[in-house]
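Remarks on the structure that follows.
The values are calculated or read from the model by the stated rules, or taken from the named source; none is laboratory data. Here the structure is a predicted model, which means the values were calculated and not measured. Using ideal geometry, Cβ is built from the backbone for each residue, glycine included, and neighbour counts are taken over all protein chains shown. Each accessible area value is taken on the protein alone, full model and side chains, heavy atoms only, with ligands, DNA and RNA left out. Shrake-Rupley method; radii C 1.70, N 1.55, O 1.52, S 1.80 Å.
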Amino acid sequence: MAQQIPLDTWRSHFSYSHARLIERANNTVFCVAENGLFSLDITTSETRSLGKENGLGDVGASAIHYASDLQKLIIGYPSGVIDFISADGKITTVTTLRDSPIAADKAILDITSAGNDVFMATSFGVVRANGISETINENYRNIGIGGAQLSIREVEVLGDSLYVVSADGIQAGNLADNLLDFNDWVPFSETEAEAFTHLTRTGNKLFAVASGTDMWSFDGADWSATGIILPANVLDLYFGQALIALTQAAVYDARSGSSIISSEPLLVDGQEIIQYADDYWVADQTNGLLRIGSSVQVIKPSSPLSDRPSRIRSVSGHTFAFYGPSPAEYAGGSDQLGYSYFQNGKWRYRTIAGFANITDVAAFGQSFIFSSMGFGLFDDLTGTRLDQSNTSLVVGNEQPGVPISAIANYGNAAWAVAYDSPNTLYKVETNLNITAYTTAQTGFQFPTDIDITSLGVIWSRRSLAEGGGIGVFDPAFEQKRTIRTPDGLPSNAVTGISIDTENEAWIGTSAGIGNYISASFPFNSFGVTIPIFEGRFLFEDEIINDVLTDGGDRIWVATNTGVWVLSRDVSGVVHRFTQENSPLPSDVVRSLAYDGLTGEVFILTDKGLVSYRSGSSSAGVVQGAVIRVFPNPVRTGYDGTVGITGLVRNATVKVTDTMGRLVADIQANGGTASWDLLAFNGARVQPGIYLLFSSDETGKETMVGKIAVIR
């Protein structure tokens, strides 16, 4: 994974710990996790993450199959979307089933193939596709006895017939017959009363598991019980060098039913298995992809621990994923989950001994300070835990203590808010001196988050347990205020607060978005205003899940219908991202985090985490010493944008040719400008050397650079 991605591009950050499905295509193993998919080259041990940013049509695959006759990998999804991946890497996405008017669950539950035909099990029957043209040909519906509709769980081909498994048992249809007619399907009467699973082909035979433990076989004429009793709760049958069975914690030789091949400790939640050479490969829902041979190897790309973190936060070039409990749900106990963090293109995972339920992080001197529900604070530089004793934080208390819901830094101190505690605000200085503020001082008792203005005024979301709204507190003057619906908030259920570089507070609620024009001076008669966009209140009565402002003060809004990016003056929509027009895995966007160093926006959905590198970054009022232009030179075939980072805040960049003729005029967003390589006339610039002249709004703080565009 590259350390940085180009401007206006995406990457996924799915967890690969919860593996569910596995398939092999020659020397490549494909593993499907909760929402992500990755491949492993067996010969080189290289892993590669695959997602919508690579051209896949969806996320969270429900079935995967390698069609050896076609040399294609076929992926089915719960939405009914189907991906065909050719040997040369070409991906064709088929949405015919998803877009069809069929009033049924369209999830692809199983896939098999024979020659040029691909068969897919669904809740309404069997879908047949042509693997050459990659088009759907037929739907076999209502194929039960008397034309009853069947939910097909599994499909397999043996010889000239297609075999399907449903709640009514196993039935078959000759592929030369009209399988649209239920009369051409033959049910096996001796299997009708059995609950069959794990239909598996082994050369010229079929095997299945009946009633959870009984092995049955089919010799081409009849199904019969083999007399082999498998362990309870078999999850998969696979024919490699021999027929093997997988339970959650062991691999069995299915020929005997009870002979254990492997029961490695890391195999704790096995789901599917394949065998290749002398190794067993298992998709395990706790430990990811396992390679079990003479030793056990855990294989997964760098990724977060889970697709469902409780908070994401970007601080000092790191993006963190936390899994601690929400303040309102915390009832004691210790999760021991640690945290994940992303830096220089890789995810890492860490736990802190004696410090659990981690909820947030802030920059603290040259290091970080972490917060926890029930375990106080942890100074990472000194390895010191700060906890509760009576009414203040002290060093060294090992008992569960103050429940810190969020933390942020301002100046040389960290400020932490505690949930339902006698002291609801703590100031921690770098020498570990601590100042505590009571509920009576701050005006809030159940704070769930914290934002701090450029002048040190604290804004905190108040839980609905105390009426919701926003608590505002100025420690310097001990002033406080509560902002609620009578003050203009669209709703007291506040979901997010972001304070931009112009000192405006943008507030997300369950019924729209609000703006407070001067967040550092809230102790006056000013109220919250609701922006007007295209003649109506912006996001009126719409649920807002989170809001942030980037380095260029553009407003990013997380909703249940995707992400909106608005210009700083709310006069236009810069971007509108949905799962249809972008690599977003879902339109339900829970929260946002912004890496101001790179401009990368991390977007947490209900189906995992992705990121988009925006054309912005944080910047100061003085021109930085290092300016980076990338890519440089621009080579033939590059169709992206050129990024210019390290600029003074909101600079203007003029592009000229070597003769001094103005080619383009670009406005930076924060400390980053992007150029689409187009001239004023809309045409792509010709190869050559181009000069970049930058200045701030006053014409000072200048910078000169150059870029080469080559054939």
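Quick one: pull the percent of accessible area on the chain belonging to carbon and sulfur, 1.4 Å probe, ligands and nucleic acids left out.
Reported share for carbon and sulfur atoms: 48 percent.
7 Å from Cα along Cα→Cβ at both T656 and D541: what's the point-to-point distance in nm?
Rounded to a tenth, the inter-label distance reads 5.6 nm.
Could you report the chain's accessible area per residue, 1.4 Å probe, as an integer in Å²?
Working: 28640 Å² over 711 residues.
That works out to 40 Å² per residue.
For D278 and K700 in one chain, what is 0.36 nm times their gap in residues minus the Cα-Cα distance, to one decimal in nm?
Numbers: separation 422, 0.36 × 422 = 151.92 nm, distance 6.86 nm.
That pair, D278 and K700, stretches by 145.1 nm at full extension.
Can you give me the long-range amide H partners of T247? Hydrogens built in the peptide plane at 1.01 Å from N, cutoff under 5 Å, separation of 5 or more residues or another chain.
Amide H to amide H, under 5 Å and 5 or more residues apart or across chains, T247 pairs with L235, Y252.
Between R350 and D88, what is the label-to-label distance in nm when each label sits 7 Å out along the Cα-to-Cβ direction?
4.7
Using the per-residue mean of other Cβ atoms lying within 10 Å as a proxy for protection, in what order, highest first, do the peptides 601-608, 556-563, 21-28 fall?
Ranking, from highest mean packing down: 601-608, 556-563, 21-28.
What is the spin-label model distance, in nm, from S294 to D606 if the labels are put 7 Å beyond Cα along the C-beta direction?
4.9
Quick one: net charge of K72's neighbours, Cβ under 10 Å, K/R +1, D/E -1?
Taking every Cβ under 10 Å from that of K72, the sum is -2.
Using just the alpha carbons, could you tell me how many Å³ per residue the convex hull of the stretch 186-245 encloses?
Measuring per residue, one finds 80 Å³ for the Cα hull of the stretch 186-245.
May I ask you to derive the FRET efficiency for D676 and T96 from their Cβ-Cβ distance with R0 = 25 Å, giving the value to the nearest 0.05?
For R0 = 25 Å, the calculated efficiency reads 0.10.
What FRET efficiency would be calculated for the residue pair R635, L597, taking the C-beta separation as r and a Förster radius of 25 Å, to the nearest 0.05? Can you show the working numbers first?
Details: r = 26 Å, r/R0 = 1.04.
About 0.45, to the nearest 0.05.
Step through the residues of the stretch 274-285 one at a time and calculate ³J(HN,Hα) from phi using the Karplus curve (6.51 cos²θ - 1.76 cosθ + 1.60, θ = phi - 60°), rounding each to whole Hz and writing x for Gly and Pro.
Listing the rounded values in order: 9, 10, 9, 6, 9, 10, 9, 10, 10, 8, 10, 6 Hz.
Through the Karplus equation 6.51 cos²θ - 1.76 cosθ + 1.60, θ set to phi - 60°, convert the phi angles of the stretch 293-309 into ³J(HN,Hα) values in whole Hz; use x for Gly and Pro.
Running phi through 6.51 cos²θ - 1.76 cosθ + 1.60 with θ = phi - 60° gives x, 5, 9, 10, 10, 8, 10, 6, x, 4, 6, x, 5, 8, 7, 10, x Hz.
Name the residues whose placed amide hydrogens come within less than 5 Å of the amide hydrogen of R311, ignoring near sequence neighbours (fewer than 5 apart) on the same chain.
F322
Amide H to amide H under 5 Å from G288: which residues, 5+ apart in sequence or cross-chain, H placed 1.01 Å off N in plane?
Here the answer is A19, since their amide H atoms fall under 5 Å of that of G288.
If I take every Cα pair under 8 Å that is 6 or more residues apart in the chain, average their sequence separation and divide by the length, what percent do I get for the relative contact order?
This gives 7 percent for the chain.
Mind listing P(r) for the stretch 546-680? All alpha-carbon pairs, 10 Å bins, whole percents.
Histogramming the stretch 546-680 at 10 Å steps yields 12, 37, 34, 15, 2, 0 percent.
Where in the stretch 525-556 is the amide nitrogen less than 17 Å from a point lying 7 Å along the Cα-to-Cβ axis of F477?
Zone members listed by number: 525-527.
Provide the per-residue ³J(HN,Hα) series for the stretch 558-571, in order, calculated from phi with Karplus coefficients 6.51, -1.76, 1.60 and θ = phi - 60°, each as a whole number of Hz, with x at glycine and proline positions.
Rounded to whole hertz, the list is 8, 10, 7, 10, x, 10, 10, 10, 10, 5, 4, 9, 6, 9.
Can you tell me which of 171-179, 409-417 comes out highest on packing, and rank the rest after it, using the mean Cβ neighbours within 10 Å?
409-417, 171-179
Report the full-extension gain for the segment R628 to Q336: residue separation times 0.36 nm, less the Cα-Cα distance, to one decimal in nm.
Full-extension gain reported as 101.0 nm.
Show S586, S224 ordered by accessible area, largest first, where the area counts protein heavy atoms only and the probe is 1.4 Å.
Largest to smallest exposure gives the sequence S224, S586.
Using R₀ = 56 Å, calculate the FRET efficiency as 1/(1 + (r/R₀)^6) where r is the Cβ-Cβ separation of T529 and A104; round to 0.05.
With R0 = 56 Å, the Cβ-Cβ based efficiency is 0.75.
Of F119, F446, which has the most accessible area and how do the rest follow, probe 1.4 Å?
F446, F119
Please give the contour-minus-distance gain from Q441 to A250: 0.36 nm per residue of separation, less the Cα-Cα distance, rounded to one decimal in nm.
On the way: separation 191, 0.36 × 191 = 68.76 nm, distance 5.88 nm.
Computed gain between Q441 and A250 is 62.9 nm.
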